[in-house]
Amino acid sequence: MVVLVTGANGQLGQALRFIAPEYPEIQFHFYGSDQLNITDKDAVATAFEILKPSFCVNAAAYTAVDKAETDIENAKAINATGPKILAEACHQFATTLIHVSTDFVFDGTKNTPYTEEDATNPQGVYGLTKREGELEIEGKATAYFIIRTSWLYSEFGNNFMKTMLRLAKERSSLNVVSDQIGTPTHAIDLAQLIVKVILSNSKNYGIYHFSNEGSASWFDFAKKIFEINNVAIALGAITTEEYPTPAKRPKYSVLDKTKIKAEFKTSIKSWEEALLRK
């Protein structure tokens, strides 16, 4: 089975590369943006013609949430145009597309976990372009799984956990927002879920939610990171208003995983347990 992975040098791409040796039945082909620009229709067509993949995992994304507010053109190209081009290629080559989306497609006004049926209402450029990418896939592809996730972290790439550990080496105290609630997701757990989807032969296409179980604020997340890594630091809780950012974040974005657990017969670790992997 041939699987093309785009965005191979990003956090999820590296996580997939890390677990790939566990699945010898899958022939992974990893393409970073320097090898395959998903916004280049001809380049994508050539890659599909050569590989004729059974699956394409789109792990490429513009994830600089605040920068996206002013870098709209690039965010739109990578998060919306790229998925459109991949969806068209997948349709042409009878390839199943697995696309990773985000909790930022929601506005965060709920106080119970978001289901796949809940209305989207992104509040910033990042969320808007990711939602546009979802819609492009729904309109162009026939065989696709859109997996929305949240607060991705791991030992790979840039993420909140690595930032906290770096700042702890530079400072004796740190303030972290405590009124934004979501769920941290370990990139390895998401990567393993994606492989489970590939191996499942499921034809129940559509949107699915995946994160680790439970909920936390960024303050809770930071506190647990320091606790597990035996880091002594004075940690303070602040509000969103006390830490203004160019992009508005959802106040609540916990995802309901009922659908994905039922379809793929999967159990999901709590975010605290997943964090022990470091």
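When the stretch 148-177 is examined, which residues are found to be hydrophobic (A, V, I, L, M, F, W, C) and touching a residue at least 12 places away in the same chain (Cβ under 8 Å)? Correct list: 151, 152, 156, 160, 161, 164, 165, 168, 174, 176, 177. Residues in the stretch 86-114 that are among the polar types (S, T, N, Q), within 19 Å of residue 181 (Cβ to Cβ) and open to solvent by 50 Å² or more (accessible area, probe 1.4 Å): 109, 111, 112. Consider the stretch 50-85 and keep the residues that are within 14 Å of residue 131 (Cα to Cα) and either assigned to a strand (DSSP E or B) or touching a Lys or Arg at 6+ places or on another chain (Cβ under 7 Å) (or both). The one that is least open to solvent (accessible area, probe 1.4 Å) is 79.
Filtering the stretch 115-127 for residues that are in a loop (DSSP other than H, G, I, E, B), surrounded by 22 or more Cβ atoms within 10 Å (Cβ to Cβ) and touching a helix residue (DSSP H, G or I) at 6+ places or on another chain (Cβ under 6 Å) leaves an empty set.
The values are calculated or read from the model by the stated rules, or taken from the named source; none is laboratory data. Because the structure is a prediction, the values reported are computed rather than measured. Methodologically, a virtual Cβ is constructed for each residue, glycine included, from the backbone with ideal geometry; neighbour enumeration extends over all protein chains shown. The accessibility values were calculated without ligands, DNA or RNA, using every heavy atom of the protein model including side chains. Shrake-Rupley method; radii C 1.70, N 1.55, O 1.52, S 1.80 Å.
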